[in-house]
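Below is one structure, written out as structure tokens; comments come after it.
The values are calculated or read from the model by the stated rules, or taken from the named source; none is laboratory data. Source: prediction; values computed, not measured. Note that each Cβ is placed from the backbone with ideal geometry, even for glycine, and that neighbours are counted across all protein chains shown. Side chains included, ligands, DNA and RNA excluded: accessible areas come from the protein's heavy atoms. Shrake-Rupley method; radii C 1.70, N 1.55, O 1.52, S 1.80 Å.
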Amino acid sequence: MKIAVIGLGYIGLPTAIMFANHGQHVIGIDLKEDAVNMLNAGKIHIEEPGLQTELTKALLSGNFKAQLNLEESDVFIVAVPTPNKADAYLSCDLTHVVDAVSKTIPYLEKGNVIILESTIAPRTTEDVVKPMLEEAGFIVGQDIFLVHCPERVLPGKIIHELVHNNRIIGGLTPACIEAGKQVYGVFVQGELIEASAGAAELSKLMENTFRDVNIALANELAKIGDTLGINALEVIEMANKHPRVNLHQPGPGVGGHCLAVDPYFIVAATPSNTPLIQQARAINNSMPDFIVEKVKNFMADIDGKKVTVFGVTYKGDVDDIRESPALEIVELLEKETAFEVSVFDPHVKASWIDPDLEKAVANSDLVCVLTDHSEFKTVTAEQFKGMKQQHIFDTKHVIPELEKVAIYNMGNLYEMQKSSKKLVPIAE
Ligand code: SAJ
């Protein structure tokens with residue numbers, strides 16, 4: 001099979017390489033010349049464990065090549081970004097998807113398969129993409145097979161999950177589903193779940209919405225615990241011992257290109273039916289402000305001048321800062337306070353990030369941990385000796401106990417309120 005993968009990002013690149021390493025002839029298409037050159041020179045342009053080794057293997061086998069322009073193929077896989085539009089409900093911006101599908105049209109031949117992997121608003125496959133192919137003179141399900149197969153892999157574990165996760169094959173007709181199954185059957189060991197394109201689209205969106213709503217509940221619990229003086233993290237640990245309860249973890253907010261984006265695609269499709277989803281988004285979006293408020297009050301109490309942020313990526317052990325609440329917090333601290341702000345993140349290289357932990361915390365009054373990188377789990381008291389005052393606000397609950405360092409987290413937030421706010425017994 002000859003497979004063209006359009007979009008060599010976090011999903012397209014691992015997918016392309018995976019097909020190549022399972023004996024398929026793959027061309028990877030990307031608009032970015034730098035990325036294409038880097039890949040052909042043997043270097044990955046994103047951070048993902050195991051991906052570099054897989055690329056080296058794919059290039060050595062001669063099965064993978066990156067290029068700027070499309071050419072004839074048997075299968076076209078669209079894995080381009082679908083951000084939010086800047087409209088009232090932040091609907092799904094299909095510009096890149098429509099552009100990618102348009103580019104396949106001159107190369108399409110009867111029998112070809114088009115697979116949409118990008119996350120898309122419900123009904124896009126049927127209402128937007130199918131008409132494009134029909135206009136070009138093809139009968140979908142007969143001449144061309146159109147399928148939506150949403151990716152469901154977790155950044156940081158992509159290589160393993162691509163192979164082992166179940167895969168939804170959402171076809172417009174039974175023949176489309178069959179064609180999709182043949183493609184993914186090449187390497188997927190999980191179940192190939194047959195679905196309509198619409199159900200596939202909505203399932204993908206609801207999976208991330210489920211997580212977003214649950215994280216909002218955990219964040220709400222952290223605020224409840226803060227006000228009532230009850231440790232929310234203890235509550236979560238305990239409640240989760242119930243066989244049917246799985247409370248998620250509170251934190252500085254929800255980031256990334258999935259959870260903070262996808263729920264809006266459902267909201268925009270049917271605003272009046274989605275009050276819960278909208279409220280969950282609002283709660284998660286409120287977290288950066290909430291954290292900054294806590295930091296401000298605490299710094300006022302301890303007469304602090306310098307804050308050091310640990311971790312700016314949207315989650316641990318990745319280099320991805322898209323939609324990162326940590327970034328928003330850094331910006332708020334810089335804009336709204338007079339504190340000196342330093343940033344340490346071992347996964348991100350930038351002029352405003354200090355690559356050295358000790359230097360970043362030197363003379364600091366508070367370290368604010370916003371990402372759960374593995375490196376933070378093994379820090380030692382020694383590394384914080386250069387701080388002016390040894391306080392850590394660990395919003396991700398990853399820092400181990402450290403001698404002489406006061407640690408606050410999303411469970412004991414109320415302990416940070418030394419003078420600014422005292423708990424008042426309910427009865428009063
Ligand atoms: N987070 C919390 N509390 C939690 C769990 C996560 O605050 O209990 C935060 C993280 O810190 C991060 C955000 O949520 O800011 C999202 O992280 P994540 O690890 O939950 O998800 P993503 O965005 O990396 O990947 C998700 C996955 N979806 C689900 O687990 C339902 C992945 O399987 C999808 O493929 C991916 O979205 C996607 O591309 O849609």
Of all residues being in contact (Cβ under 8 Å) with a residue 60 or more places away in the chain and either open to solvent by 30 Å² or more (accessible area, probe 1.4 Å) or touching a strand residue (DSSP E or B) at 6+ places or on another chain (Cβ under 7 Å) (or both) in the stretch 269-281, which is nearest to Gly251 (Cα to Cα)? Just the residue, please.
Gln279
Residues of the stretch 102-121 that turn out to be within 17 Å of Gly9 (Cβ to Cβ), in contact with a Leu (Cβ under 9 Å, 6 or more places away or on another chain) and open to solvent by less than 70 Å² (accessible area, probe 1.4 Å), as a count
5
Kindly list, by first and then second residue, each pair from a residue in the stretch 235-262 that is more than 13 Å from the ligand (Cβ to nearest atom) to a residue that is part of a helix (DSSP H, G or I), limited to pairs with Cβ atoms under 6 Å and residues at least 6 apart or on different chains.
Val245/Ala239
Out of (1) within 20 Å of Cys149 (Cβ to Cβ); (2) assigned to a helix (DSSP H, G or I); (3) of a type outside the set (Val, Ile, Thr); (4) open to solvent by 40 Å² or more (accessible area, probe 1.4 Å), the one Gly23 does not meet is (2)
Regarding Lys65, is this residue surrounded by fewer than 22 Cβ atoms within 10 Å (Cβ to Cβ), under 29 Å from Gly141 (Cα atoms) and of a type in the set (Lys, Arg)?
no
Within the set of pairs 6 or more residues apart or between chains, which connect a residue that is among the acidic types (Asp, Glu) inside the stretch 32-56 to a residue that is open to solvent by 40 Å² or more (accessible area, probe 1.4 Å) and in a loop (DSSP other than H, G, I, E, B) with Cβ atoms less than 8 Å apart?
Glu33/Leu68; Asp34/His45; Glu47/Asp319; Glu48/Tyr10
Hey, could you check the stretch 305-320 for residues that are more than 9 Å from the chain's Cα centre (by Cα) and open to solvent by 10 Å² or more (accessible area, probe 1.4 Å) and say which is farthest from the ligand (Cβ to nearest atom)?
Lys305
What single numbered condition from (1) open to solvent by less than 40 Å² (accessible area, probe 1.4 Å); (2) near the ligand (Cβ under 10 Å from one of its atoms); (3) among the polar types (S, T, N, Q) fails to hold for Asn231?
(2)
Do we have any residue at all in the stretch 137-149 that's open to solvent by 20 Å² or more (accessible area, probe 1.4 Å), within 16 Å of the ligand (Cβ to nearest atom) and either closer than 21 Å to Glu72 by Cα or out of contact with any Ser or Thr (no Cβ under 8 Å at 6 or more places or on another chain) (or both)?
no
Restricting attention to the stretch 358-387, the residues that are in a helix (DSSP H, G or I), in contact (Cβ under 8 Å) with a residue 24 or more places away in the chain and open to solvent by less than 60 Å² (accessible area, probe 1.4 Å) number exactly 6
Touching a Phe, Trp or Tyr at 6+ places or on another chain (Cβ under 9 Å), open to solvent by 10 Å² or more (accessible area, probe 1.4 Å), touching a residue at least 24 places away in the same chain (Cβ under 8 Å) and within 15 Å of the ligand (Cβ to nearest atom), is that true of Val186?
no
Residues of the stretch 388-407 classified as without any contact (Cβ under 8 Å) to a residue 40 or more places away in the chain and either away from the ligand (no atom under 16 Å from the Cβ) or part of a loop (DSSP other than H, G, I, E, B) (or both), total
11
